[in-house]
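The structure under discussion appears below in the form of structure tokens.
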Amino acid sequence: MSRNYLHDAVVPDNQSALSKKEQVAAMFDSIAPRYDRVNRILSAGIDIGWRKKALQMLAEIKPRMILDVATGTGDLAIQAAGILHPEKIIGIDISKGMLEGGQEKIKRANLQDIIELKLGDSETINFPDSAFDAVTVSFGVRNFQDLEKGLSEIYRVLRPGGRLVVLEFSKPRFPLIAQIYRLYMRLAAPRLAGWVSKNRQAYQYLNNSIQAFPEGKDFLSVLLKTGFKQAACKRLSFGICSIYTGDK
């Protein structure tokens, strides 16, 4: 049985009777039209470089088939097509609204033959065992309703020798930077994002889920528990973001 982690219980609306999965899907549907704009503003565009560094972790295994879990509007999938040149990238997400935005971006980039987006859930991935050379998750594991179940499903669909790469927010360790970051995420980010996206609650959830997520060594322990080997963590931008890798 999967262990419950603190972040599993963090939801967008504590008053709602819906499950975390249902709430997250509805939340992303509501902010989908403005999601990319808010991301660029909140990160000042740094997230593009973070994704590039995460994808470079896959270069040595030369993946031909890639699964992008919680693909959102397909940012990582589109970058992966240009950096890794795989035969196929499948992106899955629980939000129809986010996938619709991703489909438009893929068409504009003329990548329809390489990238395919599908409605899908990390806890029940609708693909056979060992179907993919690599699996990526970009800013999505915090939204898993059951962290261990989601990671176990990812492990199942990876081929032996395949690699998981997770890009996720983390908390800076340097005291001054950590203090500035906490203030920004707790006060400034929700207000700014709420002004642009008209959904301040969604970005309050963002901060709450970051604070509760088992980052660093704790997340590496979860990767090892779910079967991954050579689990490693690389911190970026003073620890604001981290790249995690694990091999099957």
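Remarks
- Contact map, segment 169-189: first residue part of a strand (DSSP E or B), second residue at pLDDT 80 or above, Cβ cut-off under 8 Å, separation 6 or more or different chains; pairs are 169/139; 169/142; 169/210; 169/213; 169/240; 169/241; 169/242.
- When residues of segment 169-199 are limited to those that are buried (at least 18 other Cβ atoms within 10 Å of the Cβ) and touching a Phe, Trp or Tyr at 6+ places or on another chain (Cβ under 6 Å), the one modelled with the highest pLDDT: 172
- Given (1) modelled with pLDDT of 95 or more; (2) more than 17 Å from the chain's Cα centre (by Cα), index of the condition residue 19 fails: (1)
- All positions within segment 148-157 that are out of contact with any strand residue (DSSP E or B) (no Cβ under 6 Å at 6 or more places or on another chain) and surrounded by fewer than 24 Cβ atoms within 10 Å (Cβ to Cβ): 148, 149, 152, 153, 155, 156
- From the options 129, 133, residue that is touching a residue at least 12 places away in the same chain (Cβ under 8 Å), surrounded by fewer than 20 Cβ atoms within 10 Å (Cβ to Cβ) and not basic (Lys, Arg): 129
- Residue count for segment 147-165, restricted to those that are touching a residue at least 60 places away in the same chain (Cβ under 8 Å) and acidic (Asp, Glu): 1
- Test: residue 223 is at pLDDT 80 or above, surrounded by fewer than 19 Cβ atoms within 10 Å (Cβ to Cβ) and among the hydrophobic types (A, V, I, L, M, F, W, C): no
- Scanning segment 234-248 for residues being crowded, with 19+ Cβ neighbours inside 10 Å and out of contact with any Leu (no Cβ under 6 Å at 6 or more places or on another chain) gives a total of 5.
- Screening segment 64-78 for residues that are in contact with a helix residue (DSSP H, G or I) (Cβ under 6 Å, 6 or more places away or on another chain) and not β-branched (Val, Ile, Thr) and picking the one that is nearest to residue 230 (Cα to Cα) gives 68.
For (1) surrounded by fewer than 17 Cβ atoms within 10 Å (Cβ to Cβ); (2) under 16 Å from residue 89 (Cβ atoms); (3) in contact with a strand residue (DSSP E or B) (Cβ under 8 Å, 6 or more places away or on another chain), each residue gets a yes or a no:
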position: 7; (1), (2), (3): no, no, no
position: 12; (1), (2), (3): no, no, no
position: 16; (1), (2), (3): yes, no, no
position: 24; (1), (2), (3): no, no, no
position: 37; (1), (2), (3): yes, no, no
position: 44; (1), (2), (3): yes, no, no
position: 48; (1), (2), (3): yes, no, no
position: 55; (1), (2), (3): no, yes, yes
position: 61; (1), (2), (3): yes, yes, yes
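- Annotation note: of 244, 155, the sole residue that is in a strand (DSSP E or B), within 19 Å of the chain's Cα centre (by Cα) and at pLDDT 95 or above is 244.
- Once segment 203-241 is narrowed to residues that are charged (D, E, K, R) and under 21 Å from residue 177 (Cβ atoms), the residue that is nearest to the chain's Cα centre (by Cα) is 215.
- Residue within segment 117-140 that is part of a helix (DSSP H, G or I) and more than 24 Å from residue 35 (Cβ to Cβ) present: no
The values are calculated or read from the model by the stated rules, or taken from the named source; none is laboratory data. Everything numeric here is computed off the predicted structure, so don't read it as measured data. Note: ideal-geometry Cβ built from the backbone for every residue, glycine included; neighbour counts use all protein chains shown.
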